[in-house]
Structure formats: C-alpha cells, structure tokens
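No lab work stands behind these numbers, since they all come straight from the coordinates. Small disclaimer: the values here were computed from a predicted structure and weren't measured. Glycine gets a Cβ as well: all are built from the backbone with ideal geometry, and neighbour counts include every protein chain shown.
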Amino acid sequence: MSAPRLEIRLDLIEANTRTIVDQLAPLGIAVSGVTKAALGSPEVARALLRGGVAGLADSRVENIERMRASGINCEILLIRSPMLSQVSRVVQAADASCNSELSVMTALSEEAVRQHKRHGVLLMVELGDLREGILAEDIHCMIERIQALAGITLIGIGTNLACQNGVIPDQSKMAEFSSLAREAELQSSSTFRMVSGGNSANLPWALGEGAIIGRVDHLRLGESLLLGTDPTTGSVLPGLRNNAFALFGEVIESKLKPSRPWGALGRTTFDTANNARACRSRLDARKSVLVALGHQDTDPGGIGPPAGFAILGASSDHLVVEALDWLPQVGPEIRFGLSYSALLRSMTSPFVSKEYLPRGVATPVVKCG
Ligand SMILES: *Cc1c(COP(=O)(O)O)cnc(C)c1O
C-alpha cells in the first residue's frame, strides 16, 4: 500500500445514506446523493445508490461524465449552473441542471433540440445566502420564458442556503420557500416534480421536532452522507458515522527538536492560522514528527490527528506534527480524519491513492511497517 492514501469505507457511506433516506421518506422528501466531494467516484456513487438515494447530483460535468462512463444510468442533476462553453456536454451527460440565467437555458434548449433530448431545469431561487438563484419577484416572469423553450422541461424550483454567508435554512426560510413554490405552481398552472429545499444544512430543520415540511419534497445531500456531519456546526448528526474516510500519511522524519525556531523570522508561503507559531514561546524540546503530507495532498487545516498527536503546521509537502506521548519511528503511517474541504482536496489530488474498503477492515490509527 502507498501513502498518502485515502481509505474509503463504502459500507459506512451506504449506512449513513440508508439512515437519512429512511428518516426523510416518511416526510415525503427524496434525496439526490451529491458526489462532488468524491470527485464523482463511481464506487462512492454506487454506495449512495445502494443506500437508497433517488438519484445523484454533482457540480462538475467532468464528474458526471466519469459516472456515466462507468455505467451509472440513474437520474443525475448538475448542481451548478452550466457554463455556456459546456452546454453540449451537459445535455449529453446530465438529465437536468440547476439554472438561474435565461441565456444559459436558451443555449440548453437549442442544444437539447439538436441532440433530440429533453433537458430538465431546476430553477434556483435566491433566499438570502447570496450565492446562486433568481430573486423571488422574478420567478413568475422567468417561468413563462422557460415554458416557451423547446427541449426544456421545468422540473421545479430549488434553493441553496448555508454555503456563501452561512444563512441557516430554518423553519421561516423553508416556509417562505414553500409558499414561493406554491405560488409559482398556481401562476404557471403546473405541478412541479421537484421542490428542492437545499443541502445537508437543511437536515436539522427537516428532522427536527415539529418541522413543517410544506411543499419541499427533495434535498441534495453530500456532506451528511459522506462525512456524517452538519455543515453549519461541524457536529456529527444523530445516527450517522463520521469515519467513512481516513487519510494516511507516512512518517519521514522523527526527532527530538527545540520547540522554538531560531534566526530572524519572515513570512512563510503557507503562513495561515494553521501554522502554529504560538509554540515559539516554549523553550523545551519536543518530539517532532514529519509526515509526507501537505497542501498538495489535502487541506492541512481540515485534518484531525489521532489522540496523542498535534498538528503544528504544513507546507506544500510536509506536515509537522508534535508527538505528545511517544515518538514513532520513520516508516509507519499516521491516520487523520477529514473535514469536507480536506476530503475534497484529497480526492482531487493525484498524489493521494484511493483505497476502497467494502467492509469494516479499517487500518489502525498508527500502522507500523
Ligand atoms: C454542494 C451542494 C450541495 C450539497 O451540499 P452538502 O452540504 O454537501 O450536502 C447541494 N446543492 C448545491 C447547489 C451544492 O452546490
């Protein structure tokens, strides 16, 4: 086995998915499993499907093409507005896409006609987080224009909170979204197939006591299914596991070193909050471990060391770790937990090998030899 390495427990992803899908089904909410943090990994996509998602969703057409090439033929939604330069690939690979620009939907329409296909449009509505979406006052006019486009089916409306400004999808936001959906259905005398209320940040609302689900019948879930966490708090959601992914790095140097740097000090390339210069105040020696992991492999600010180790800082290729109890030798691997951003970066890095574990046979926290 090689390091750095991402171990992926497909059984835990499937179990998380099953837990959430089963809790949302009685509320009338279907789930699209979001694969973007897994780089559209077909193995991860299949674990989500085994767990019961109704379809898949990804923000990149490249990832959707990767899943299609592996034979996945379920409904796939592109959850970022298509780039005009990729419209042809989007119509080819995705069944539907999130949209907020008429020029893009017009291009999708022309391309769908050309490809003798129908492309679904989920019209995104801005509810205050200030990322994607049209303003509520423009819904009616926009829907009339979409309905006039050949080759396009308006599948419904969607919204996305908690991603740009951390606006929480609480009961009042979701009630507002439901009434927008109902009004839009009335005005356009149609029934939407999908009223997509949001992402993993919506789970505390949807599964909370006394939630009024209203017209919402769909969520797009990534982080909660993959990492088990609520993005707005980082805490593990009830009944979910947060150890489906683990990153292993190999120890390449292990020494007792002074805990304070010496010489004139300037800035460093990766001089972020993560590089814990606070340790400068300490004079005693410390057990310093160098792990072959860096910004090219992961987001060092988003990885968690095992008990007995503390991360002191990272650069492109080196992670400096303090061993608090015992000093490992050169050669063993150390296991790290991952945040969403660390997972995304590790999945994307060509230096990190991906090891899929179908069943519970995870490698120990510090593995020798
Ligand atoms: C990333 C994304 C999601 C999934 O978000 P999670 O927090 O991972 O559940 C849903 N919808 C859109 C539009 C996204 O960009």
**Candidates Leu77, Leu324, Leu154, ranked by Gaussian network fluctuation over the chain, Cα under 10 Å, top entry** = Leu324
**Message:** If I stretch the segment between His116 and Tyr356 completely, what's the gain in nm (0.36 nm per residue apart, minus their alpha carbon distance), one decimal?
**Reply:** 82.6 nm
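Restricting to the chain, compute how many DSSP beta bridges are antiparallel as a %, nearest 5. Before the final figure, lay out the partial values.
On the way: 30 of 63 bridges.
Around 50 percent of the beta bridges assigned by DSSP in the chain are antiparallel ones.
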**Item:** Tilt relative to the chain, helix 10-24 - C-alpha long axis, 0 to 90 degrees, to 10
**Value:** 40
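Would you mind classifying the range 300-366 by shape? Square roots of the alpha carbon gyration tensor eigenvalues, ordered a ≥ b ≥ c; an a/c under 1.5 is rounded, otherwise it is prolate if a/b is larger than b/c and oblate if not. Please list the in-between numbers first.
Values: a/c = 1.77, a/b = 1.20, b/c = 1.47.
Judged from the Cα gyration tensor, the range 300-366 comes out oblate (a/c at least 1.5, b/c at or above a/b).
If Lys and Arg each add +1 and Asp and Glu each add -1, what is the summed charge of the other residues whose beta carbon sits under 11 Å from the beta carbon of Lys255?
Overall, the nearby charge balance is +2.
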**Prompt:** Angle, helix 102-114 long axis vs. longest principal axis of the chain, Cα atoms, 0 to 90°, nearest 10?
**Reply:** 80
**Message:** Rounded to the nearest 5, what % of DSSP beta bridges with both residues in the range 1-155 are antiparallel?
**Reply:** 0
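Please compute the length gained on full extension between Gln171 and Asp284, using 0.36 nm multiplied by the number of residues separating them and subtracting their Cα-Cα distance.
Working: separation 113, 0.36 × 113 = 40.68 nm, distance 5.29 nm.
Contour length minus the Cα-Cα distance gives 35.4 nm.
Report the net charge of residues surrounding Arg241, where surrounding means a beta-carbon distance below 11 angstrom and charges are Lys +1, Arg +1, Asp -1, Glu -1. List each step's numbers first, then the result.
On the way: positive: Arg9; negative: Asp11, Glu14.
Its environment carries a net charge of -1.
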**Asked** Which FRET efficiency, nearest 0.05, do Lys255 and Gln86 yield, Cβ-Cβ r, R0 51 Å?
**Response** 0.55
**Fill in**
Listed residues Leu108, Leu357, Leu247; largest mean-square fluctuation, Gaussian network over the chain with Cα springs below 10 Å, found at Leu357
**Asked** With labels modelled as points extended 7 Å from the Cα through the Cβ direction, what inter-label distance (nm, one decimal) is found for Leu207 paired with Arg267?
**Response** 4.3
**Request:** For the range 44-181, just say rounded, prolate or oblate: build the C-alpha gyration tensor, square-root its eigenvalues into a ≥ b ≥ c, call rounded for a/c under 1.5, and beyond that prolate if a/b exceeds b/c, oblate if not.
**Result:** oblate
**Message:** Need one word for the range 1-111: rounded, prolate or oblate. Basis is the Cα gyration tensor (sqrt eigenvalues a ≥ b ≥ c); a/c below 1.5 gives rounded, then a/b vs b/c decides.
**Reply:** oblate
**Item:** FRET efficiency, 1/(1 + (r/R0)^6) with R0 41 Å, evaluated for Arg68 and Arg145 via beta carbons
**Value:** 0.90
**Request:** Please find, in a Gaussian network model of the chain (springs between Cα atoms separated by less than 10 Å), the residue of Glu209, Glu185, Glu322 whose mean-square fluctuation is greatest.
**Result:** Glu209
**Request:** State, as an integer percentage, the relative contact order of the chain based on alpha-carbon contacts under 8 Å between residues 6 or more apart.
**Result:** 19
